[in-house]
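Remarks on the structure that follows.
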Amino acid sequence: MKVLIALPVYNEEFILAQNVQVVLDFCQKNLIGDDFIIVIANNNSTDQTAQIAHQLSSQNQKIEYLFIPQKGKGLAIASAWLKYEADLYCFMDIDLATDLSALPRAIDKIKAGADLVIGSRFHPKSQVKRSYFRRFVSYSYKLFFKSLFNLQINDFPCGFKIISRQARDLILPNILNTGFFWDTEMLVLADRQGLSIVEIPIIWQEFLSENRKSRVNIAKTSLSYIKESIKLKIRLSKN
Ligand SMILES: Nc1nc2c(ncn2[C@@H]2O[C@H](COP(=O)(O)OP(=O)(O)O)[C@@H](O)[C@H]2O)c(=O)[nH]1
Ligand SMILES: [Mg+2]
């Protein structure tokens, strides 16, 4: 089977080349019997991201570079997923906070019949290194999304997800958000369609440094999650 790995990036010049190489090496060693393609999806970064991504793709035929002029992580992933032919579609955050050992396990679950497989920092078998503040924020999202949409899922915004081609075709055209809420909306819509969503344990570690801080503004993102959730809830109640 062919696996498409989308890497949404915004101003990642400090880690891009190194981490794309890590993903490439991992796939070459561990995705035995499966073909793969890595797509760097850049939303108009203002640093050297475009130049670095362009160079990486011209040096290796397994790496594609996609430029998206408008902002939004969700839009970047959707653009990459829709542009290339594959059997399985994955995205992961380029800081590689989710250890790559999750990838073959996730692929196996899809092959075994799951429609969506998502990394979960709340899985009892997960190993998670995170600040107390981010844990608290994450736990609040869990309570909020779970109760509002009445789902069994625990980790909605985790930056590691994989989906079958069939599920992509069914769900992607209905996702309206283009930013950080995009994958949460995907899960809610998938559940409404009766698709199976499987949470798998992951090893999660955030690598923050002076050069690379989180791209996420927690206050702004949380507020937009609340707004987008209410909009989605209203939309679903009308159907
Ligand atoms: N394409 C795209 N990627 C983004 C955007 N904002 C963040 N990202 C990517 O989304 C991923 C998650 O960002 P990160 O800073 O690690 O978030 P955190 O782990 O929640 O602190 C990284 O791969 C970022 O480069 C955006 O506007 N467009
Ligand atoms: Mg991160």
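Throughout, read-outs are computed from the coordinates displayed, never taken from laboratory work. Being a predicted model, the structure only gives us computed values, none of them experimental. Heads up, the Cβs are rebuilt from the backbone with ideal geometry, glycines too, and the neighbour counts pull from every protein chain shown.
Quick notes
- The residues of the range 2-52 that are among the basic types (Lys, Arg) and touching a residue at least 40 places away in the same chain (Cβ under 8 Å) amount to a single one, 2.
- Restricting the range 202-232 to residues that are of a type in the set (D, E, K, R) and within 18 Å of residue 140 (Cα to Cα), the residue that is nearest to ligand 1 (Cβ to nearest atom) is 220.
- Hits in the range 60-91 - residues which are in a helix (DSSP H, G or I), surrounded by fewer than 18 Cβ atoms within 10 Å (Cβ to Cβ) and out of contact with any helix residue (DSSP H, G or I) (no Cβ under 7 Å at 6 or more places or on another chain): 83
- The range 2-29: number of residues that are farther than 21 Å from residue 207 by Cβ and either in a helix (DSSP H, G or I) or of a type in the set (S, T, N, Q) (or both): 2
- You will find that of 137, 198, 117, the residue that is within 16 Å of ligand 1 (Cβ to nearest atom), out of contact with any Asp or Glu (no Cβ under 7 Å at 6 or more places or on another chain) and not aromatic (Phe, Trp, Tyr) is 137 and no other.
- Selected residue (criterion: farthest from residue 14 (Cα to Cα)) from residues of the range 111-140 that are under 16 Å from the mean Cα position of the chain (by Cα) and in contact (Cβ under 8 Å) with a residue 24 or more places away in the chain: 115
One line per residue, one yes/no per condition, for (1) basic (Lys, Arg); (2) closer than 20 Å to residue 207 by Cα; (3) in contact with a strand residue (DSSP E or B) (Cβ under 9 Å, 6 or more places away or on another chain):
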position	(1), (2), (3)
107	no, no, yes
117	no, no, yes
131	no, yes, no
135	yes, yes, yes
143	no, no, no
147	no, no, no
157	no, yes, no
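- Residue within the range 42-50 that is β-branched (Val, Ile, Thr) and touching a strand residue (DSSP E or B) at 6+ places or on another chain (Cβ under 7 Å) present: yes
- Restricted to helices (runs of 4 or more DSSP H) entirely inside the range 159-239, those with at least 3 residues that are touching a Phe, Trp or Tyr at 6+ places or on another chain (Cβ under 7 Å) are 182-192, 218-238.
- Among the residues of the range 30-57, the ones that are surrounded by 19 or more Cβ atoms within 10 Å (Cβ to Cβ) and in a strand (DSSP E or B) come to 7 in all.
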